Structure formats: C-alpha cells, structure tokens
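Report on the structure given below.
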Amino acid sequence: MKFYADRVPVAVRQLITDLLVVFWVYAWIRAGLWINDQVEKLAVPGQKLQEAGTGIAGNLTDIGGKVGRVPLVGDELTSPFNSAAGSAANMAEAGRQQQEIIDNLAVTMAVLIIAVPLALVLFLWLPLRLRWMRRAGVAARVRSEPAGRDLLALRALASRPLNELTKLGPDIAQSWRNGDAAAVEALAALELRDLGLKPGR
C-alpha cells in the first residue's frame, strides 16, 4: 500500500489534506468537549438544590429526633418535622434528577457534535483515501513490468476522459491493440500521472 504520491505537488497536496482532516477532527472533538463543559455548568443549580435539600432534611430529622424525646407530646411534635424533612428530601431528589437530565443532555450534544464530522471523515474522505492508496500501491508494483504497463495502459483506455486520450493521438486505441510500445508507454504514463506516480522504469 502506498501512502503518498511520487510527484511532489500531488504528495504535498495529499499531506496538507491529511493534516487538515486531522486538525478538523481534533477541532470538532475539542468543540464537543467544550459544549459538554458548558452544558454541565447548567447542573450547578441542581447540585446546590440537592445539597440544600439534603442538609435541610438531615437537620429536620435531627431536630425531629430530639423533639421526639419530649415526654407525652414528643410524637405529636415530631410529625411536622418529619413531614418537612420529607419535603426537603424531595427537593434534594429534584436537584439530583435535574443534574442527571443535564448530564445526559451534555453527553448527547457532545456526541452529536463529534459524530457528524467523524461520520463525514469515515464515510466520505477515508474511503477515497484508501481507494487511492490501494490503486497507487498496485500501480507502483506493476509499473516496472511489461505486462503491468499493458494493464496500466488498458486502465487508462477504460477510465481516462476522451479529451486526454485523443491528445495521445487519434488512433491511440488501435495502436494499443497492435501492441505499439510507444502507445502502451504513453497510456501507462497517463494512468500513472493521474495517480501522482512517476513512470519508474
């Protein structure tokens, strides 16, 4: 497998593109983490609500326990404190649920922000890059062999635009059929140039 072209302009363009893709993915990951941090800040009121509710519920429970030790009327006096402690516990639970919702929202937003650019890279850029690497790797292996150059010439005839082929001569296809070495070389060079490779002979 070949990672970069032989021709300097093509290789430089590929390298710059690769670096831009890496930077682009890194930037979106950083953006996703930043969004996560910003959304997580919305959970602060919920944390304070939970802490306050827990503290109040604990204090009321302690007070209720002490009041409950009062002879004769202790049980009656404890009931309002227990009820208030329950309300404070509900407040703490509401704060906890608010934090949980915001945590889930933060993770979901971060994943969405990171997933879309990664999907574009994985399903658009990467397949094209791997396809070039496979094609260039095969072409680089066969370019020094006579049969390989014939295959490259055939590939050029099948895939290159007509305006490029006609520049090699009006009878280039017939010349290739006749086994004309110059025609084979010209077509092979055309295919190799399209891949950013040098003739290599």
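For the pair GLN38 and LEU118, the difference between a 0.36 nm per residue extended length and the Cα-Cα distance amounts to 26.6 nm. Across the chain, Cα pairs under 8 Å and at least six residues apart give a relative contact order of 27 percent. Listed values for the range 140-152 are Karplus-derived 3J(HN,Hα) couplings in whole Hz (6.51 cos²θ - 1.76 cosθ + 1.60, θ = phi - 60°), namely 5, 6, 9, 5, 8, 9, x, 5, x, 5, 5, 5, 4, and x replaces Gly and Pro. Using 0.36 nm per residue and subtracting the Cα-Cα separation, the extra length available between ALA11 and ARG131 on full extension is 41.6 nm. Taking Cα centre as origin and charging only the Cβ of basic (Lys, Arg, +1) and acidic (Asp, Glu, -1) residues, the dipole magnitude of the chain rounds to 1320 debye. Calculated mean residue ellipticity at 222 nm for the chain: -27500 deg cm²/dmol, from DSSP H runs with n ≥ 4 weighted as -39500 (n - 2.57), summed, divided by the residue count and rounded to 500. Its residue count N fixes a reference of 2.2 N^0.38 Å for the range 2-59, and the Cα radius of gyration divided by that reference is 2.34. Partners of LYS2 within straight-line reach, counting lysines whose Cα lies under 16 Å from its Cα and excluding those fewer than 8 residues away in the same chain: LYS198. Per the Kirkwood formula applied to alpha carbons, the chain shows a radius of gyration over Rh ratio, Rg over Rh, of 1.54. The phi torsions of the range 115-130, fed into the Karplus equation with coefficients 6.51, -1.76 and 1.60 and a -60° offset, translate into couplings of 5, 5, x, 5, 5, 4, 5, 6, 9, 10, 6, 4, x, 5, 5, 5 Hz, rounded to whole numbers, with Gly and Pro shown as x.
Relative to the current alpha-carbon distance between VAL107 and GLU164, full extension at 0.36 nm per residue lengthens the span by 15.3 nm.
Every read-out reported here was derived from the displayed coordinates using simple, explicitly stated rules and does not represent laboratory data. Keep in mind that this is a model prediction, so the values were computed, not measured. Neighbour counts run over all protein chains shown; Cβ positions are idealised from the backbone, glycine included.
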